[in-house]
């Protein structure tokens, strides 16, 4: 196959920053005449972040270049190798380690040539052979069939990188992809796609504070963190969505346990770091997503991160949990999201995101970098570095909006998460799709495996154990540990404090039954509040003053029917193994919702048949 390269293009690309020529839409046809894999940093484990240098030719001249990581798929498939002819669809020309490089961010394979085309010379002088001998080459695998596969990177309207006036002198713009600890005097032009809240700490070495931002340009993302005085200097200056010129920050190896960003390096913002807002943000992308639908979610490992887009079917109430690590109370809110797969998943927001979240009319929300969990089935959770965008102006969001308005709003969804709420398939947070009879729960052996099993049931309270219905707890917010009476004072060993009165909390054991069987369920404070309609303090006070009145309250609670979301888990006590059924959530019957569900069943085609 005869291929004509874009003669003269290498010289034009090399000089474009000086001449100001805009070659962003040129898509030159060039040949890869040499490739070399850059040695990864010591802590790199992800092959998708491998970096490849190249020597690229137009048949007349050659120059050095680098493939961005989004092209790695073509390299690993041996579609791009020595002598491959490619159409360069997305690129930038930048200074890197004192050399002018062509950064290739998207390419289309044209053909695999058998040998070097023409007799190209170094655009700076010298022969191609000298350049090839100075760079070790990759083995030349067997030629692969030609392909027109394009890397999944959107065409940028303008790919040309220019120089920026920063700190009183012109500095060449570096791509984020090209940053490493071995460089100085660089400037990046990047958008702030996410900014964390200011976090503080206090220990034996003193007190401090920090914040982090996620920065993005056409070539990739990187995390930047500032500490102490840098927080005061830059926190208010760096705003989400804006584009900045940033220079004089330190490039370090990334601490992967604190970030889910696919970059082997991160930036440390320092006192002399220079940040200047850029008014021209046209060629800097906002956010780049790699969405997984709910079918694909099942294939991901626990604690993996992913991007997800869905329609919010239900917004849960704001709640709190106590962190075991810090013993601090953290706000949380559960969202139920659905997509075209016919499934629903629970996604949890934390902290300020949970408190401030407000979305009406079932919006489409795109999430980036959320954590995959397996508690109660498949679930998702926001990291501090995760981002979400409500009703984003992207193709996937418009497609979801059209589907949901036309079909999805009246559809029943299969829950992937215990306790998620997906429209008519749920009843106050209890999944209708997971509803089982008590006989079925026991016969199927739920709770006998190593992991807990989750189910929903509708049952009626038959008996509540009246003794030990509560325990005296520490009244300190978020503690809830049991306190001990020491001569009129109630002592909490955890808080190292004493109180005049404890805060009683429910710890209940009740027998429930449906038309198939009976079972004992255990519940805690929220369960008691729902069953009795009063706090444990009030009920204990009644018991101490008037025990017959207390027994009447217990008796009146019998025969009440609830929808229960439960957890079945094997438990060993005194060398006896049994299955314990814990109540995760219970709700009274919603008769209107029940009638709507029955109406849907009666209107279904198989019911009419």
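The values are calculated or read from the model by the stated rules, or taken from the named source; none is laboratory data. Here the structure is a predicted model, which is why all the values come from computation and not from measurement. Neighbour counts are summed over all protein chains in view; Cβ atoms, including those assigned to glycine, are modelled from backbone coordinates with ideal geometry.
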Exercise. Can residue 209 be described as in contact with a helix residue (DSSP H, G or I) (Cβ under 6 Å, 6 or more places away or on another chain) and either in the same structural domain as residue 384 (by TED's automatic domain parsing) or farther than 30 Å from residue 70 by Cα (or both)?
Worked result: yes
For this session: Can you tell me which residue within the range 505-522, out of those that are touching a strand residue (DSSP E or B) at 6+ places or on another chain (Cβ under 7 Å) and not in a strand (DSSP E or B), is farthest from residue 563 (Cα to Cα)?
Result: 507
Exercise. Condition test on residue 57, is it at pLDDT below 85 and either closer than 24 Å to residue 173 by Cα or in contact with a strand residue (DSSP E or B) (Cβ under 6 Å, 6 or more places away or on another chain) (or both)?
Worked result: no
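Of all residues in the range 466-516, which are on the phi > 0 side of the Ramachandran plot and surrounded by fewer than 17 Cβ atoms within 10 Å (Cβ to Cβ)? I'd like the intermediate steps shown before the answer.
Taking the range 466-516 and keeping what is on the phi > 0 side of the Ramachandran plot, we get 468, 478, 480, 487-488, 496.
Within the range 466-516, 468, 478, 487, 488, 496 meet the criteria.
Filter the range 413-437 for residues that are at pLDDT 80 or above and surrounded by fewer than 23 Cβ atoms within 10 Å (Cβ to Cβ) and give the result. Working first, answer last.
To start, the set of residues in the range 413-437 that are at pLDDT 80 or above comprises 413, 436-437.
Of everything in the range 413-437, those that are at pLDDT 80 or above and surrounded by fewer than 23 Cβ atoms within 10 Å (Cβ to Cβ) turn out to be 436, 437.
Hey, among the residues in the range 71-87 that are under 24 Å from residue 284 (Cβ atoms) and touching a helix residue (DSSP H, G or I) at 6+ places or on another chain (Cβ under 9 Å), which one's surrounded by the fewest Cβ atoms within 10 Å (Cβ to Cβ)?
Quick first cut of the range 71-87, residues under 24 Å from residue 284 (Cβ atoms) only: 71-73, 87.
Among the residues that remain, those that are also touching a helix residue (DSSP H, G or I) at 6+ places or on another chain (Cβ under 9 Å) are: 72-73.
Working: 72: 18, 73: 14.
For the range 71-87, the residue satisfying everything is 73.
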Seminar exercise, completed: Condition set farther than 30 Å from residue 441 by Cα and in contact (Cβ under 8 Å) with a residue 40 or more places away in the chain, scope the range 544-570, selection surrounded by the fewest Cβ atoms within 10 Å (Cβ to Cβ): answer is 551
Problem set entry | Odd one out for residue 578, checked against (1) under 35 Å from the mean Cα position of the chain (by Cα); (2) free of Cβ contacts under 8 Å to residues at least 12 places away in the same chain | (1)
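Rundown of residues vs (1) in contact with a helix residue (DSSP H, G or I) (Cβ under 6 Å, 6 or more places away or on another chain); (2) surrounded by fewer than 19 Cβ atoms within 10 Å (Cβ to Cβ), yes/no style:
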| position | (1), (2) |
| --- | --- |
| 264 | yes, no |
| 270 | no, yes |
| 277 | no, yes |
| 281 | no, yes |
| 290 | no, yes |
| 301 | no, yes |
| 308 | no, no |
| 321 | no, yes |
